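Since the structure comes first, as structure tokens, the remarks are kept for the end.
Every number here is computed from the coordinates shown, using simple stated rules; none is lab data. Given the structure is predicted, the values throughout are model-derived calculations rather than measurements. Ideal geometry is used to build each Cβ from the backbone, glycine not excepted, and the neighbour counts take in all protein chains shown.
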Ligand SMILES: Cc1cc2nc3c(=O)[nH]c(=O)nc-3n(C[C@H](O)[C@H](O)[C@H](O)COP(=O)(O)O)c2cc1C
Ligand code: SF4
Ligand code: SF4
Ligand code: SF4
Ligand code: FES
């Protein structure tokens, strides 16, 4: 995969902004993940050049933490909470329904690049269980029969763009 | 705000801010003060829209001079949110929607009349309750760690100063030696709220005994227990209190740098802590030579990246150091050799939030609350099958019955209470026979569970305990860091064994295998994640042997949860032949003739999605 020049420049800037801080790797990776959505090997190589940390070590860190991803995610990341409070209120059936309708498994992205389904562990909205988080918007008390409507909301948004 | 560079200046600021805050709450000069919940839960329920709408209408009606609007931290009663509270009357409106704002402005702010139908209704007496303190949910609570949450605007240092903030810091810097601070915390009996319950003063003493130029205090805000959200709410509701606790710790054992480690899933908490640090730096409450006393302290912020094991203190230190978050062998303990090899204390958010209170009111007062070996209060996140989902802070020694029924309002839908899980994935469950057990560290351990961070998830008769154990095991498998083979491989095997139980292929030997493997993992694991991994299984096996037996021997799931061991069946006597179920079944496995023949489910094709049972208007479908 070829990484665009601006991205490389952006990554170098992120690295530079953390110069002088003790052990900045985690913060650099968080910034990159937040800005570009994923951290492919090519980008890890740039980080290695800038920080002097071996790529192997960077790769080790990237793959350890669930928050970092080496592949791009969909435009809409559907995080279905499988934390305890949501689970005992049957959030498994909610994620099953998303998977069934979008025809992908948790962790996968639809072919059109629109949706990624993720199982997340507690987003802190336990009073609203089962909770679903889509790109930061929290849907409270989602039951399986509401799932189709939620997906359609984003399909309609796409169609109108 | 101008710089606060001497104890005298701090005192003046505290006095001025306290007066301003008290005047505001007391409604001096005919003014009113409105606070709206801005915790994550209520934000998700649109509380920001409420604030915008309030401000807009207040402006339109020319009330801006007379009425202030602020967001505050979590009210705790999350299932009734979002909240709008009006001072000085202390009227609490709940479940407020954007359309209700107009009425609050017109009827209450202008008309001076309480909007009755937005008040909380007591479910037993059916009476409307206008004041927060009169609501049962709050009556037995005592807010120490949650001090100021739901009252002060966490974005303003002035609000913190106006509500006891930094009184304790001033006291330690001007009146106490570091050793006196440690002794005070020791005398208070405070034990760590992050799980293990280690005496905080002892931990500080270890670190104080180390001779080193550089030491660190780390605030553990990773809050990994899924279903617990007290640390988040404290950080969101009163970040200053936690920073103050951190500074007091730093003063006590000689740390000049404090690190917050907060999980990335908590953006609101992160933002508020960041802002609080900035504001304190701006006035000189963080930095060099604080209040001119020679004490220097800096606060730093690091984010987690979605690994439960990073809540374990040594894994957390590795993560701050930019490494894979894998636990380190102990000893050496962090207090001897911690962050970047320097003496370090890791303390939980709630622990640090309690420290300023202990210094303010004294160890003796604090030690009056609670049980003999567990002092003070504990915040619990009540969740799951309970009416009043939310955060509650109660004295240690409160019984489970009080927690679940008096405060929690019991189980919804008239269902039967089955169990309450405490201690998260490292803990266990307590059952109806434990309802009158006073909650403290030691009692919970004696009952085969633990305090943990305070997550308390209630389960009712519809929850299958084998399934719950399996849920925790999936979580542990996902989160094991992989360093120790017994934990990495053993937990996978445990999960496989549990899966055979839930899909009906287990034999009686499976139960024995589970127990012996659980023992091996406990002995062969480096950190508490592995050491306690089997707790949810052992605890459910102990408390619900009959459920395990039903799965293993009769191949039945008594709660109809395990899909392989249950089926959906249409009762021909109740079926009105409407065909609604058949039309909604995703695999077309329901057959019948509309209006003529009752419908029947083809069990060989049914994927047990449960759609039909929701759709049938005549309750003709049941689980067996
Ligand atoms: C797997 C695991 C996860 C943990 N998660 C947390 C956590 O999320 N928050 C926390 O404060 N402590 C957590 N702990 C406990 C910490 O290791 C440590 O004991 C605690 O932060 C010390 O603070 P305290 O003495 O104030 O309780 C965890 C421990 C283990 C083994
Ligand atoms: S017990 Fe498990 S989580 Fe802990 S260090 Fe070993 S493998 Fe990692
Ligand atoms: S449970 Fe689902 S698959 Fe089975 S009959 Fe009902 S609707 Fe069809
Ligand atoms: S929806 Fe209910 S009443 Fe209608 S056909 Fe199905 S089982 Fe019978
Ligand atoms: S368990 Fe789902 S939001 Fe907390």
Inset, instruction - State, as an integer percentage, the relative contact order of segment B:465-554 based on alpha-carbon contacts under 8 Å between residues 6 or more apart. - result: 38
Inset, instruction - Give the Cα extents of segment A:76-160 along the principal axes, in whole Å, largest first. - result: 34, 23, 21
Legend entry - Gain on full stretching of the segment that runs from residue B:301 to residue B:174 - 0.36 nm per residue minus C-alpha separation: 43.0 nm
Legend entry - Relative contact order (%) - criterion: Cα under 8 Å, at least six apart; region: segment A:93-147: 30
Legend entry - Neighbouring partner chain Cβ atoms per residue of A:30-40, average, 10 Å criterion: 1
Inset, instruction - Based on other C-beta atoms within 10 Å, arrange B:450, B:230 from fewest to most. - result: B:450, B:230
Legend entry - DSSP beta bridges in the protein assembly as shown [antiparallel fraction, %, rounded to 5]: 55
Legend entry - Helical mean residue ellipticity (222 nm; -39500 (n - 2.57) per DSSP H run of 4+; nearest 500) of chain B: -11000 deg cm²/dmol
Legend entry - Acute angle (nearest 10 degrees) that the helix A:41-51 long axis makes with the longest principal axis of chain A, alpha-carbon atoms: 40
Legend entry - Distance histogram in 10 Å bins (all Cα pairs of the protein assembly as shown, percent per bin): 3, 13, 22, 26, 21, 11, 4, 1, 0
Legend entry - Cα-based Kirkwood hydrodynamic radius, segment B:392-467, one decimal, Å: 12.5
Legend entry - segment B:397-539: relative contact order in percent, alpha carbon pairs under 8 Å with at least 6 residues between: 26
Legend entry - Prolate/oblate/rounded call for segment A:5-64, Cα gyration tensor, a/c under 1.5 rounded: rounded
Legend entry - Semi-axes of the equivalent ellipsoid for segment B:567-623, Cα gyration tensor, largest first, Å: 15, 12, 10
Inset, instruction - Return the ratio Rg/(2.2 N^0.38 Å) for segment B:150-258, where Rg is computed over Cα atoms only. - result: 1.12
Legend entry - Ascending count of other beta-carbon atoms within 10 Å, so fewest first, for A:157, B:317, B:10, A:25: A:157, A:25, B:10, B:317
Legend entry - Ranked by how many other beta carbons lie within 10 Å on average, peptides B:213-223, B:431-441, B:298-308 from highest: B:213-223, B:298-308, B:431-441
Inset, instruction - Report, to the nearest 10°, how far helix B:239-253 tilts away from the longest principal axis of the Cα atoms in chain B, using its own Cα long axis and a range of 0 to 90°. - result: 70
Legend entry - Centre separation in Å (Cα based) which lies between segment A:55-89 and segment B:75-132: 39
Inset, instruction - With a ≥ b ≥ c taken as the square roots of the eigenvalues of the C-alpha gyration tensor of chain B, please select rounded if a/c is under 1.5 and otherwise prolate if a/b is larger than b/c or oblate if it is not? - result: oblate
Inset, instruction - If a/c stays under 1.5 just call it rounded; otherwise compare a/b with b/c (prolate if a/b is bigger, oblate if not). Do that for segment B:107-189, with a ≥ b ≥ c from the square roots of the Cα gyration tensor eigenvalues. - result: oblate
Inset, instruction - With r as the distance between the Cβ atoms of residue B:489 and residue A:154 and R0 = 45 Å, compute the FRET efficiency 1/(1 + (r/R0)^6) and round to 0.05. - result: 0.65
Inset, instruction - Could you work out the mean count of beta carbons from other protein chains within 10 Å of each residue's beta carbon in A:76-87? - result: 6
Legend entry - Residue order, fewest to most beta carbons within 10 Å, for B:464, A:86, B:606: B:606, B:464, A:86
Legend entry - Mean-position separation - Cα centroids, segment B:457-501 and segment B:286-311, in angstrom: 36
Legend entry - Sequence ranges B:198-206, A:89-97, ranked by mean other-Cβ count within 10 angstrom, highest first: A:89-97, B:198-206
Legend entry - Listed peptides A:141-149, B:118-126 by packing density, highest first (mean Cβ within 10 Å): A:141-149, B:118-126
Legend entry - Where a label projected 7 Å from the Cα of residue A:103 along Cα→Cβ would reach, residues of segment A:136-153 with amide N under 12 Å: none
Inset, instruction - Return one number: the angle in degrees, 0 to 90 and rounded to the nearest 10, between the long axis of the Cα atoms of helix A:25-36 and the longest principal axis of the Cα atoms of chain A. - result: 60
Legend entry - Shielding by partners, peptide B:418-427 (average Cβ within 10 angstrom, other chains): 1
